Structure formats: C-alpha cells, structure tokens
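Here is the structure we will look at, set down as structure tokens.
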Amino acid sequence: MKVPLTWLKDYVDLSDLDIETLAKVMTMVGLEVGEIRLVGLPLPPGELHEFKYTGLSWPADKFIVARVDEVMPHPNADRLVLCRLNDGQEEIVVLTGAPNLYDYKGKGPLEQPLKVAYAREGSTLYDGHEPGHQLTTLKRMKIRGVESFSMICSEKELGISEAHEGVIILDDDAPTGMPLVDYMGDAVLDVDTLPNMVRDASVIGMAREIAAALGKTLQMPDATLEMKGPQLEGRAKIEIIDPELNSRFMLGLIEGAAQKPSPYWVRRRLNLSGMRPINALVDATNYVMLELGEPLHAFDYDILVNRAGGKVPTIITRTAKAGEKLTTLDGVEYELDPEMELVTDSAGALSLAGIMGGEESEINENTVNVLLEGASWNFINIRKTVSRLKINSEAAYRFSRGIHPALADLGVRLCLKRMREWAGGEIAEGLMDNYPNPPEDPVVELSATWVNDSLGTEIPAREIAGILECLEFECRVDGDLITVKTPPHRLDVHDGLIGRADLLEEVSRIYGYDKIPSRPLNQPLPPQRISQGMALEETVRDLLVNLGLQELIAYRMTSPEREARRFPPEYDGAWEEYLEIQNPITVERRVMRRSILATLLETLEYNYTFSPRLAVFEIGPVFHPVQGQQLPDEKMMLSIGMTGLREKPSWKNDAPEVLDFYDLKGVIEGLLAGLHVEGICYQAAQHPSLHPGKTAQVCIGGKVVGVMGELHPLVKANYELGDAPVYVAEFDLVKLLESARILFDVEPVPSYPPVFEDLAVVVDEAVTAADIEEVIRQGGGEYLAKVQMFDIFRGPQVGEGKKSLAFSLTYIAPDRTLTDKEVLKLRNKIVHLLGEKLNAELRS
Amino acid sequence: MADKAAELAKLEQIQAEALKVLADVAEEDALEAWRVAFLGRSSPVMAVFSSMKTMDQALRPVMGQAANKVRQALEAALAEKQDILKDEALVKALQTEQLDVTMPGRPVERGRLHPLTQVLRQITRIFGDMGFQVYRSPEVETDDYNFTYLNMPPYHPARDMWDTFYTKTDGVLLRTHTSPGQIRVMRERSPEPIRVILPGATMRYEQLSARSEIEFAQVEVLVVGEKVTFAELKGTLEDFARRLFGEEARTRLRPSHFPFTEPSAEMDVGCFVCGGKGCPVCKETGWLEILGCGMVHPVVLEYGGYDPAKYSGFAAGMGIDRSTLMRYRIDDIRHFRNNDIRFLRQF
C-alpha cells in the first residue's frame, strides 16, 4: 500500500523524524518500505540511504503557493491565457494553456482569487507534455510574442499524478507566498503489507505500529456525527440470512448531498495513494477505506427505493441462487455460484458482498441521497469467490484477509462525517446495526518467564505489558503472569498456545529484533545418524568430476514428446504413465520427467556446437507414478554423456581422436573402482536408445545397475548433434550405491620383485577379452597379480574370423622372488588351459 | 742400461705429448679420438704392456711400473677433461635450450561441480560444523504437507505467497518450498531433538524470465528442542551468514510473516556488490534479503508430533539460486538449468 507521509502525520507526531528514519522504523516493525517517492520533500540528509528514492523535490525558493487575481486573454492565441499572479513577493503575469482556466478568462479581477502551485524561473520539474517523467528546467522564452519564464503547475509537472490537462487549483485557504513544500510537500512510502497484517493496510493501522515503536500516542480521528436529518429507522431494513458469512451489517443515510469534487487535499491524498478521485461521495468511501482499512459501500438510496416499488427497501445478505447473475460496477457480468455471498434487495442482487458493487445501484452523477453500508464478511467465503471469479478489488483484498467487524461502526461514522463535510447534505438520525455474530476477542495468559525463555531476553513483565498496551491490547499484570485481551480491531490473534505465539511476535517485533541478543545454539546434540546414500552420492559427484566430467542440473518438468525423442522413431515401447501438471506454464513442461537420459541428450544437443568435447553427468530424481500410491516414486538416477574429441585440439595435438565406447567405459571403471565395488561384469545388451552392437549392461554381483553404450543412430538423428558418435550411460543410483564399499581390505605392498610377461593369443572373433582374462586368471592362480589387455590385432597373419589379443601378466609371490622355472610352469599351464577351453593358440 | 733410460724417456715423452694434445681437445669426439690414440689397445703406452713378454727380465718391473704411472696419469687427465667438457656442455645447453614459455599448455579438461552444488556444499559444510545433518524429502508433495501441516489450511490467505504447480493427481503438488520436509523429519524423529538442514529442488508457477525461475534449489534449516530461543536463531544464522559471506558481513533481522513460524523474520545481509552504498542488485537499499526464518509455529510443532507446550524450535529457508546469482552477479537465473557449457565452465 502506498501511504503519503502527511496522511500518517494526522495520527502520529512524526515531526522529529526524517523520512529515512521513519522508513527504517517501519521496516523494523514489519511494515517493509520498498520505495519512497518524493512529492515535494527534499531527499533526507546523509550520503547513505537504505531506501530507493524517486520523485521530485520542490525547493522552497522556487515552488510557491500563489494567487491568481485575474485571467486575461492572450493577445495572439486563443488557447493560451495570461494570469495576473501574486506569489507573495511580487505581481507577475504568467502565461498558461490550462483549459481549466478558460472559464475565468476576461472576467476581470476575480472575486474569489484562485490559489495555484507556482514554479519560478529556474525550477526543475517534470515536462507535462512528454510521456513518462522527463525533467525540464524553466527558462526565459517568448511564446507567441509574450515573455514566459515561470509556470503554474499541473499535477504531472509536480509529480503528484499523471494529470496534465489543467493546472492545480488549490483549496481557497492555501496561504499565498508559502513555499509549496511547506504547504503540501509529501513523500509516498510504498509499504509491503504482510499477509497477517491486513489491519495495517490502512493509514491508521500503520500509524498505530509506528506510534508503538516510537512510544508515541496514536491520535484517532474524531468521528462525532451531527445527525440532523430525519430518523433512518423505518426507512430501510436489514436481513442477514447467514451470520457465519455476514457477522455484521450497518447502514447510515445522508440526504441532499451535492455532486462536487472533494477538496484538493483529499484528491491529492487519494492520487498519491494510487486511487483515482471521482467525486466527494465516492472519494469519502475510498478515503475511509484507506484511512481505517474498513471497505464501505455506497448505494444510491433513491434507486433502492425505486427497486422496492417505492416502499422501504430491505437489504438482504444471502448466498447466490443457482444461475443468478450480477453486473458489477466495472461493467462485467458474472454468473454466480450458490456459495457466493451477496448483498441483495427484494429485486435481486445489489453487490458481490465485500468485493464489488453492482452497476445498477452505485452512486451516479445524479445521486443526492446515499445509503452507506459498513459490514463484515467471512474471509474464507470472500477468498473463494475472488479466486473463482478471478476478480479483485481493494475491498476484496482487505475482506479476504479478515477485517474486524468492530471497524464497521467507526468506518460508517467517519465516512458519513466526511461526506457531509465534502459534499454537504444532512445525516439521518441514527445508524442501523445488525450484529448477530460478534467475534470474541481472545484473552491470552502470557508469562513473562515464557516470553523471555522463548526470546532469550530479560524483559520485565511490566515492560512486556507496556509494549502490548501500545498496540491497544488490554493487559493485567499479576507478578509474572500477564493477562492480555486482544483489541477489537484485529482478527490475527488466537487464544491458547497459538495466541501465546501470536503475542510473542507482537512483543518481539515492537521490542525490536535488533535488541534481542545473539547466542550460539545451546541445545543437546541430537543422535547423529548416518546417511550413507547421500554421502556416497557426493562421492560419486567427486569421482566423476575427478574423471573430467561436468555436472549438470536439469529441469524436472518436461513433456512426453520431449522424452520420446530418446527412442527411435516408431519405437513401440511400453506406455509410460506420467505425473501430469494441472497448470503447466507451457505444454513443453507439462509432466515430471521419467527419464534422466532424455534431459541429458537435450543438454548435449544444446551444447554440442559450443565445445569440441562434451563429458557431462547428472544426478537427480525421475518421477514414476505408482498405482495405489498417492505420491510418485522419486528414483535417484545417474546419467553420463560423452561426445566429441578426446581432448581439445592444440598445437601439441591438432587432430585429437574422437571419443569412443572405451572412453565412456574408462570413466565407468574409474567410478566403480572409486566406489570399491566388487563383482563387476559388463555384458553385451540391448537398449532401445542404444546401438544394438555397442551396448553393455553393467552388473554388480549379478544385478543390473546400469546400461552404457553408443546412442542408436536413429535416436541420434532425433537430436541435432555433431558427427561424432554419442556415448551415454544411465545408472540406478540407489542400486549402484548399495554395492559401494566403505570399508575394503588394502593389499600389502609387495616386498619381492614382480616378474612381467606378455602373452599374445589368437582366438575366434566370438571369444571376448573377459573370457580370455578369466582363463588366464584360472591358470595363473594366486601368483598372478595382474592381467591387462594391451593390444588387439586382426589381419591375414592371424587368419579370417580370428583376432589376436595381447595381455601383459604380472606374477608376484608375497614371500620370495619367483624363479624363472616357476614362472615358466605357470605360463605353460595358462597356455594349456587357453588352448583347451578357448581353442586359443599362442601367437609367436 | 742405456736402453732402460731411453725407454723411460720415451715413456715420459709419450706422456708429455699426450697431455699436450689433450690440452687442445674441446669436444667429446676429439676426446674419444685422444683416448683411442693414447689409451687405446694400440697406443704407445699399451704397446709397452704388450711388449712385456719379449722384454728383458730385468727391465720388466721398472718398465711396467713406469708405464702404469703414465697410464694412470693419462687416465686421470682424461677423467678431468671429461668433467670439464661435461660442465661446458651443460653450460652451453642451459644457454641454448630456451622454451617459449608463453605458448599454451597442453589442454587438460577439468571436471566441475554445478555452481549450485558448489554453493550447496559450502552451506552444508558450515551447518555441518554446527552439528546439523542433512535430511532429504520428496519433491512431489501432498497439499497437506506443503500447506495444511504448515499452518495453511485450504483458503488460507498465506497460500497466495506461493504460486503453486498442481498435478492432475488429487491433493498432489510440486512442493513450493523445502518446508514440508520439516513435518517429515519431525514425524520421523519425535520426540528427539532435531538439528537438520533440508536441501532440495522446489517449484513455483512463475513466468520464466531472467529474474524468475520455475525450478530452483532451497535449503531449509530446522532446530527443535526444549527451550530453543530466538536468540539462538539469531546467533546461529548470523554465524552462518558471516561464514558464507565473510567476516565483515553485516546482517539484520527484520519482522516478516510466514504461516509456519512465529515470530518470523527476514535476514538481510549488507550488499556485497556495492558494500552498502546502493546499487541495482540491492535495489538501492544496501541490503540483500538472503533468508526467511522464525520460531516454529505451535501448529507446525503439533502436526510434527511435538507438544508445543514443551518444545520450541526455529526454522529458516533460503534460495540457493538467488544467492548464487547475487554473489557472482549472474545476469540470468535460467543459466542454472539451461546448462550452457560456456556458463558452467566459469565455475
């Protein structure tokens, strides 16, 4: 809510504070000030400001309240006038084109001189004819033969509003010669109202908080009414159908009011608060809503009588009937649900209760008699209506957060008083008040010890009570115990334990968070738990980063079409059920992802032109709906993707090799070694996304934990990717981590020298490296410490359908140096076994 | 015995000549030639040894001794010369072998953690030092956990604070904050004291722009125990902020509202971009809002299985994306999940 400083000053003495200090005080009690717009006032002193200031200052020697004594025609232009103006020091003739002065043109000296805002030569102000807020400085110039160097200002030029059609006509009592900033200089504080502080969506509400924080007194406006009109009783009736939805309904009547604008100061305040002034009657309702936080509604009384067929109108509050319709004052027709609360009369709906008035019965340009409604509505019902009709208003904003019914009375009184002051007329004797459901203002017992134990403070009971009393709570102190009664202007305080917490917030807020000490945590350390999975997840991240991979974090939201790209076209896979989002921001992100591979491929696609080498991984959940289970399974997955060159080209190696299957496998081997996984086995496998001949499943202890391979060429064609093949792997992270070993045996470092030997064998193509290694290990027994394949050869030398694989073997004994004879014996055994089991021949 | 004298003189002469030649030797090759000439099998000195057999019996010891002396002298001289040449060669090599050290190094691709992981790890470490353990809870949640148990029954005005993605499954939504994890950890641990952080992804219905994301990472902090105070909340979070943002970091707590805490606060840290002078990052205020916090609301404790008459606690929640954005002055929040390699490589 935007609140003008001068308005706040009506209720609390702020003469000893500059705006900056005030804004800080407000922020520190929970009225967060976002921006401060200067409307005349100078920037507060000091270099450093904690708020953003915008707007215009009016230096006291430049901007003056002046008096226009006569409006004369311009000799050479019909649309310009010359004003004989007195600024308190001298008489000047000022040229202006303001249409609202044409009426006074050529009428000689004015009987009632006009008070205006006058800017002297050299003033800097906003250009009234340029869009936005462009600064301009007044210079001496000739306009159509008449010299001009100063200006009578419009609201736009002074930064009050966007209005630039006419100049401001101030109220008649404005003192000529007074610096304008002293007369009406202001600053508008933009305050972010917290959801539980709707009581402060009002000038008085904010003033109350400020007064409490500063230890000052809140001055409430005088609401004494002079009721000289005939009795209201008997000229209207109120009927409340459901007191749960409408706890109070009040009416007041003013008759014989005039159609005229509000005084200038009222219009200025409304403008500064972001409300458009309409006329004195409407302005009065808006003014009181902003002032007190109680939205009011004004009906044209004559229209109601008319609708009642000339009889006494009965106001009935009830929920809508099926199919009932209402056109609100903004001209929109709504079809209503039977749950929506309405204000009606015998002829039908008048307004959406607490939200917006109907078009028919609102105040119009002929209204002279006003029936004023002050009521209280169930905030949940209002919220439901607002969200269903997607309608909003200042009234709905307040009523949907809970307004205390006690405010209705003060609101009606203040509004009638102002209508009479600003529009004239007489207030009918007596108010009508139907109050079937007054809330019980909670009484909470608070112990000072508990307050201090909760805050870590030592505030005496009396001081705690004092703080609450500043906010108008009624307190009774009995030793440590404070009995606190909630004031009848707020609904946010509960009773019991919740009420206690509510009051703790009030005490700490006003006491000042900055005065509460800071202490280290002084609580027993909870039982420490091992969360192995999460710790290991971080180990996986570290291992993959050490292996040169970049971590990714991808969006969880995707679409089934996006995910389907990971399959070849016309792939006939199982139908996959997605967790669907009801209100997606785009169809592209309307489900939660099922596959971590799909997002990985999208990332490779996005990046492949940016880097010659891509090696990336992601750890994250996928979401699988499960029958009979409310929440989906969130499975933690790991994806790895590699494509492009093995290293970046450089002068050392200008044509690096392209990454292949075994680069990916090397990464996976490194990862599994780092997790000290045992019993790993890679088996040729099939996967719809992968090349049928270049795919392996990774098994640990016989269980499949993941799959790796080259992207199927048909899948690759679904993405815009480079020429290089793409290698991906996908792991079920939970299964993978189940096999990780935290503890493992370290083998002794050998103290006897190893014996190295190479062995090249020729085998059929179908025999795998793993087959050969297994046989070698069988033959080598305990002294064979290491077997490593280091070469592969195919060619006429080894024959068609055959290949030669070379292995380097390391023999070692823990207790002695192996002799040549021993090694030869082992070698012979291996060769024999290879021949026997794999039909392998030694290659010479 | 003239023979003997002559032979000895000859040896002396050989030595003198050899040493004279050696003095002029300046290269390895020449030195090798010298060695062959004067110490080789057919060199004069060696010839003396090979002629021993035919030599007069009486001459043998004398000649043998003399020849040995010459050989030793020549060998010593050779060794000395070798050292000199080696030293000279090294000096020469050191003078001539010069790299262009400005040429680029051989590229080694460094792996990297995602920036959000890096920041989350810093945060986890700081809280870990204070005895906080990590607790993880689901990203897809029920309406109850996300709202109702956090003191926001249906139609509660505070629900407006979060723009929510609902799913087509009744009562199931994408969590708008990590706070539902508070209830989960409380229900699991009650009545033990609690000291945990809950990191994770959260989702909010927003229009994607440079400043707003639909998915982002948060960390929740939760302490529950007997007589946990606001002063401890303040102390813990101030310590945290100093460790994350630096010893000089100023902080302030300012009243705020969250349905699940009361009293509630926002913690601001002095803007680390402008040092508090005011800049676009801090919207000219000198302060950056880094986290929301407060004392756990009695309703929340109750839903979590802790008697609010006996237990109290504090909670805090912060967005990791936003604070990372501010720290590195990143121009667009969408970079984090677009995974542009040119962005990620800068961390």
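The values are calculated or read from the model by the stated rules, or taken from the named source; none is laboratory data. Values in this document were obtained by computation on a predicted structure and should not be read as measured data. Cβ atoms come from the backbone with ideal geometry, glycine included; neighbour counts cover every protein chain shown.
Note on the range A:455-571: enclosed helices (runs of 4 or more DSSP H) holding 3 or more residues that are closer than 26 Å to residue A:592 by Cα and within 32 Å of the chain's Cα centre (by Cα) are A:532-546, A:560-564. Just wondering, is there one or more residues in the range A:415-425 that are farther than 20 Å from residue A:200 by Cβ and in a strand (DSSP E or B)? Checking the range A:415-425: not a single residue is farther than 20 Å from residue A:200 by Cβ and in a strand (DSSP E or B).
When residue B:244 is tested against (1) surrounded by 24 or more Cβ atoms within 10 Å (Cβ to Cβ); (2) more than 11 Å from every other protein chain (Cβ to nearest Cβ), just one condition goes unmet, and that condition is (1).
Only one of the listed residues (A:21, A:54) is without any contact (Cβ under 8 Å) to a residue 24 or more places away in the chain and in a strand (DSSP E or B). That residue is A:54. Against the condition facing chain A (nearest Cβ under 7 Å), closer than 30 Å to residue B:201 by Cβ and modelled with pLDDT of 95 or more, how does residue B:176 come out, does it pass? No; evaluated as a whole, the condition is false for this residue.
Rundown of residues vs (1) in the same structural domain as residue A:426 (by TED's automatic domain parsing); (2) outside any strand (DSSP E or B); (3) in contact with a strand residue (DSSP E or B) (Cβ under 9 Å, 6 or more places away or on another chain), yes/no style:
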site: A:316; (1), (2), (3): yes, no, yes
site: A:322; (1), (2), (3): yes, yes, no
site: A:326; (1), (2), (3): yes, no, yes
site: A:337; (1), (2), (3): yes, yes, yes
site: A:350; (1), (2), (3): yes, no, yes
site: A:354; (1), (2), (3): yes, yes, yes
site: A:357; (1), (2), (3): yes, no, yes
site: A:360; (1), (2), (3): yes, yes, yes
site: A:367; (1), (2), (3): yes, yes, yes
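The set of residues in the range B:320-347 that are within 10 Å of another protein chain (Cβ to nearest Cβ) and of a type in the set (Val, Ile, Thr) contains only B:341. In contact (Cβ under 8 Å) with a residue 12 or more places away in the chain, away from chain B (no Cβ under 14 Å) and small (Gly, Ala, Ser), is that true of residue A:428? It is true that residue A:428 is in contact (Cβ under 8 Å) with a residue 12 or more places away in the chain, away from chain B (no Cβ under 14 Å) and small (Gly, Ala, Ser). The residue of the range B:195-223 that is farthest from residue B:182 (Cα to Cα), among those that are of a type in the set (A, V, I, L, M, F, W, C) and within 9 Å of chain A (Cβ to nearest Cβ), is B:208. So how many residues does the range A:289-312 have that are on the phi < 0 side of the Ramachandran plot and in contact with a Lys or Arg (Cβ under 7 Å, 6 or more places away or on another chain)? Selection size over the range A:289-312: 2.
Of all residues in the range A:620-655, those satisfying the criterion of being in contact (Cβ under 8 Å) with a residue 40 or more places away in the chain and within 9 Å of chain B (Cβ to nearest Cβ) are A:620, A:621, A:623, A:625, A:632.
The lone criterion from (1) within 14 Å of another protein chain (Cβ to nearest Cβ); (2) at pLDDT 95 or above left unmet by residue A:421 is number (1). Check the range A:8-17 and report whether any residue there is farther than 30 Å from residue A:397 by Cβ and outside the structural domain of residue A:505 (by TED's automatic domain parsing). Scanning the range A:8-17, I find at least one residue that is farther than 30 Å from residue A:397 by Cβ and outside the structural domain of residue A:505 (by TED's automatic domain parsing), so the answer is yes. Given the structure, is residue B:146 away from chain A (no Cβ under 11 Å), within 27 Å of residue A:382 (Cβ to Cβ) and polar (S, T, N, Q)? Against the criterion (away from chain A (no Cβ under 11 Å), within 27 Å of residue A:382 (Cβ to Cβ) and polar (S, T, N, Q)), residue B:146 qualifies. Residues that are over 43 Å from the mean Cα position of the chain (by Cα), within 15 Å of residue A:64 (Cβ to Cβ), assigned by TED's automatic domain parsing to the domain that holds residue A:67 and acidic (Asp, Glu) are absent from the range A:154-175 altogether. Take the conditions farther than 17 Å from residue A:417 by Cβ, part of a strand (DSSP E or B), touching a residue at least 12 places away in the same chain (Cβ under 8 Å) and aliphatic (A, V, I, L, M) and apply them to residue A:238. Does it pass? When the stated conditions are applied, residue A:238 passes them. Is at least one residue of the range A:738-752 charged (D, E, K, R), at pLDDT below 95, surrounded by fewer than 18 Cβ atoms within 10 Å (Cβ to Cβ) and closer than 30 Å to residue A:603 by Cα? Yes - at least one qualifying residue is present in the range A:738-752. Selection over the range A:731-757 of residues that are touching a Leu at 6+ places or on another chain (Cβ under 6 Å) and within 30 Å of residue A:639 (Cα to Cα) gives a count of 4. If I ask for residues that are more than 31 Å from the chain's Cα centre (by Cα) and more than 30 Å from residue A:654 (Cβ to Cβ), which ones from the range A:583-616 would you list? Hit for the range A:583-616 is A:597, nothing else. Just so you know, in the range A:806-844 the residues that are surrounded by fewer than 14 Cβ atoms within 10 Å (Cβ to Cβ) and part of a helix (DSSP H, G or I) include one that is farthest from the chain's Cα centre (by Cα), and it is A:821. Residues that are under 30 Å from residue A:209 (Cβ atoms) and either in contact with a strand residue (DSSP E or B) (Cβ under 7 Å, 6 or more places away or on another chain) or among the acidic types (Asp, Glu) (or both) occur in the range A:58-73; there is at least one. Among the residues of the range A:480-533, those that are surrounded by fewer than 17 Cβ atoms within 10 Å (Cβ to Cβ), more than 10 Å from every other protein chain (Cβ to nearest Cβ) and touching a residue at least 60 places away in the same chain (Cβ under 8 Å) comprise A:488, A:532. Here residue B:317 meets each of (1) in contact with a Lys or Arg (Cβ under 9 Å, 6 or more places away or on another chain); (2) outside any loop (DSSP other than H, G, I, E, B); (3) in contact (Cβ under 8 Å) with a residue 40 or more places away in the chain; (4) more than 9 Å from chain A (Cβ to nearest Cβ) with one exception, condition (1). Criterion applied to A:543, A:579, A:547 was being at pLDDT 95 or above, in the same structural domain as residue A:674 (by TED's automatic domain parsing) and in contact with a Phe, Trp or Tyr (Cβ under 7 Å, 6 or more places away or on another chain), and the one residue passing it is A:579. Counting only strands (runs of 3 or more DSSP E) that sit completely within the range A:672-752, those holding 3 or more residues that are under 43 Å from the mean Cα position of the chain (by Cα) correspond to A:703-711, A:726-732. Pairs linking a residue in the range A:302-315 that is within 12 Å of residue A:360 (Cα to Cα) to a residue that is surrounded by fewer than 18 Cβ atoms within 10 Å (Cβ to Cβ), with Cβ atoms under 6 Å and 6 or more positions apart or on different chains, are A:307/A:347. Residues that are surrounded by fewer than 21 Cβ atoms within 10 Å (Cβ to Cβ) and closer than 30 Å to residue B:167 by Cα were ranked within the range A:534-552; the one that is farthest from the other protein chains (Cβ to nearest Cβ) is A:537. Test residue A:398 against the criterion of being in contact (Cβ under 8 Å) with a residue 24 or more places away in the chain, of a type in the set (D, E, K, R) and closer than 30 Å to residue A:513 by Cβ, and give yes or no. Spelling it out, residue A:398 is indeed in contact (Cβ under 8 Å) with a residue 24 or more places away in the chain, of a type in the set (D, E, K, R) and closer than 30 Å to residue A:513 by Cβ.
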